[in-house]
Amino acid sequence: MRSCKLSSGASLPVLGLGTWRMGESPRRRAEELDALKFGLDLGYPMIDTAERYGDGGAEEIVGEAIAGRGTCPFIVRKVYPHNASRVCTIAACERSLKRMRIERIDLYLLHWRGGARLEETFEAFHRLRDAGKIGDFGVSNFDAGDMEDAARLDRGLNASNQVLYCLSRRGPEHDLLPWMRERSIPLMAYSPLDQGGLLGKSALKKLAGEIGCTPAQLAIAWLLAQPGVVTIPKSSSRARVKENLAALDVKLTPQILSELDRAFPPPKGKQPLEML
Ligand code: NDP
């Protein structure tokens with residue numbers, strides 16, 4: 001699978017599995033675990049999770065899904081801002097490693113800005129990286145101004161910024177995405193299907209029908225066609241996990257791209273970063 005190079009030398013795959021809403025209900029647990037395992041068997045090389053998801057429940061499911069595999073997928077994990085102080089960031093990482101039963105998190109992100117001072121969070125990230133507990137670190141839900149602040153504080157911040165970005169929410173294209181591209185920082189697009197809300201849009205359905213793919217595949221393929229963008233659709237269904245992976249094979253012609261632009265126009269000016 002294609003990937004983006006991080007300055008540490010690590011490769012960030014362009015497509016991974018999301019896990020929000022997993023680990024919340026014992027009734028759905030078996031299905032969620034099965035979907036993750038199936039996705040890994042199919043070749044998804046990355047999983048995104050957070051201590052927030054199911055209060056650690058999603059991380060436990062991830063731990064179970066990756067247990068006993070020859071190669072561990074690239075693990076992205078986010079820390080709560082209220083746990084992001086100098087000391088708590090490290091403790092939160094240790095809890096996650098334990099829940100996932102792994103030695104190292106590949107990419108550790110601050111879930112959103114707030115809570116502890118950024119200086120403290122970054123200091124803890126550096127300590128974790130020096131100790132080999134994380135590979136790279138980055139942020140999430142940071143708008144262009146937040147990224148400027150972060151870059152001023154820490155010139156080493158270049159791993160990723162995970163933000164809401166999809167066909168129906170193209171605000172980051174105005175300033176955030178160009179800013180990140182200039183510095184070779186990959187944007188990790190969350191909610192690529194707008195949590196399912198995009199899939200009923202008639203323009204998307206029509207264009208997908210014309211090129212012989214599903215609306216979800218078209219939405220994901222469009223993100224993958226944006227330079228410097230990676231994404232992490234979530235599904236608890238085997239069929240949809242498989243469907244989403246096949247977005248890698250969807251080829252978008254200039255004509256389809258311009259029809260998508262007509263149906264889902266790019267921003268005309270600055271739009272504050274949206275967040276879920
Ligand atoms: P997505 O846009 O990935 O959509 C997920 C929803 O779409 C689920 O209801 C899923 O249902 C459904 N779905 C998935 N695939 C298909 C398909 N092929 N056809 C029809 N429906 C489908 O939303 P998420 O908000 O989950 O975003 C993805 C990931 O991004 C999260 O899981 C999380 O890891 C991360 N994230 C990060 C945030 C942050 O603040 N940093 C905020 C939000 C998300 P089903 O499971 O039943 O298939």
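Given the criteria on the phi > 0 side of the Ramachandran plot and either modelled with pLDDT of 95 or more or surrounded by fewer than 19 Cβ atoms within 10 Å (Cβ to Cβ) (or both), does GLY269 qualify? Against the criterion (on the phi > 0 side of the Ramachandran plot and either modelled with pLDDT of 95 or more or surrounded by fewer than 19 Cβ atoms within 10 Å (Cβ to Cβ) (or both)), GLY269 does not qualify. Look at (1) over 16 Å from LEU107 (Cα atoms); (2) touching a residue at least 12 places away in the same chain (Cβ under 8 Å); (3) within 14 Å of the ligand (Cβ to nearest atom) and you find that HIS82 fails only one, number (3).
Hey, does region 187-205 have a residue that's over 24 Å from ILE256 (Cα atoms) and either more than 21 Å from the chain's Cα centre (by Cα) or outside any loop (DSSP other than H, G, I, E, B) (or both)?
Applying the first criterion (over 24 Å from ILE256 (Cα atoms)) to region 187-205 yields none.
No - not one qualifying residue is present in region 187-205.
The residues of region 35-51 that are in contact (Cβ under 8 Å) with a residue 40 or more places away in the chain, surrounded by fewer than 16 Cβ atoms within 10 Å (Cβ to Cβ) and either within 13 Å of the ligand (Cβ to nearest atom) or in a helix (DSSP H, G or I) (or both) amount to a single one, LEU42. Can we say LYS98 is at pLDDT 95 or above, charged (D, E, K, R) and crowded, with 22+ Cβ neighbours inside 10 Å? Against the criterion (at pLDDT 95 or above, charged (D, E, K, R) and crowded, with 22+ Cβ neighbours inside 10 Å), LYS98 does not qualify.
All of (1) surrounded by 22 or more Cβ atoms within 10 Å (Cβ to Cβ); (2) touching a helix residue (DSSP H, G or I) at 6+ places or on another chain (Cβ under 6 Å); (3) not aromatic (Phe, Trp, Tyr) hold for LEU107 with one exception: (2).
Contact annotation: residue pairs with Cβ atoms under 7 Å, 6 or more positions apart or on different chains, pairing a residue in region 140-157 that is on the phi > 0 side of the Ramachandran plot with a partner that is surrounded by fewer than 17 Cβ atoms within 10 Å (Cβ to Cβ) and not in a helix (DSSP H, G or I), are ASN141/MET275.
May I ask you to verify whether ASP106 is at pLDDT 95 or above, part of a helix (DSSP H, G or I), within 15 Å of the ligand (Cβ to nearest atom) and farther than 20 Å from MET22 by Cα? No; evaluated as a whole, the condition is false for this residue.
Suppose the filter is within 30 Å of LEU207 (Cα to Cα), in contact (Cβ under 8 Å) with a residue 60 or more places away in the chain and of a type outside the set (D, E, K, R); does LEU164 pass it? In short, yes. If the condition is being of a type in the set (A, V, I, L, M) and in contact with a Lys or Arg (Cβ under 6 Å, 6 or more places away or on another chain), then region 68-105 contributes only ILE105.
Residue under question is THR231, and the condition is that it be buried (at least 17 other Cβ atoms within 10 Å of the Cβ), hydroxyl-bearing (Ser, Thr, Tyr) and in contact with a strand residue (DSSP E or B) (Cβ under 6 Å, 6 or more places away or on another chain); does it hold? Before you say what the answer is, go through the steps one by one.
Numbers: buried (at least 17 other Cβ atoms within 10 Å of the Cβ): yes; hydroxyl-bearing (Ser, Thr, Tyr): yes; in contact with a strand residue (DSSP E or B) (Cβ under 6 Å, 6 or more places away or on another chain): yes.
Criteria met by THR231.
Residues considered: GLU32, GLU64, GLU60. Of these, the only one that is surrounded by 24 or more Cβ atoms within 10 Å (Cβ to Cβ), charged (D, E, K, R), part of a helix (DSSP H, G or I) and modelled with pLDDT of 95 or more is GLU32. With respect to the conditions (1) closer than 30 Å to ASP34 by Cβ; (2) modelled with pLDDT of 95 or more, LEU276 falls short on a single one, namely (2). Within region 158-186, the set of residues being within 16 Å of the ligand (Cβ to nearest atom) and assigned to a loop (DSSP other than H, G, I, E, B) comprises ALA159, SER160, TYR165, LEU167, SER168, ARG170, ILE185, PRO186.
Scanning region 229-269 for residues that are aromatic (Phe, Trp, Tyr) and either without any contact (Cβ under 8 Å) to a residue 40 or more places away in the chain or within 9 Å of the ligand (Cβ to nearest atom) (or both) returns no hits.
The values are calculated or read from the model by the stated rules, or taken from the named source; none is laboratory data. Just so we're clear, the structure is a prediction, and the values are computed from it rather than from any experiment. Cβ atoms come from the backbone with ideal geometry, glycine included; neighbour counts cover every protein chain shown.
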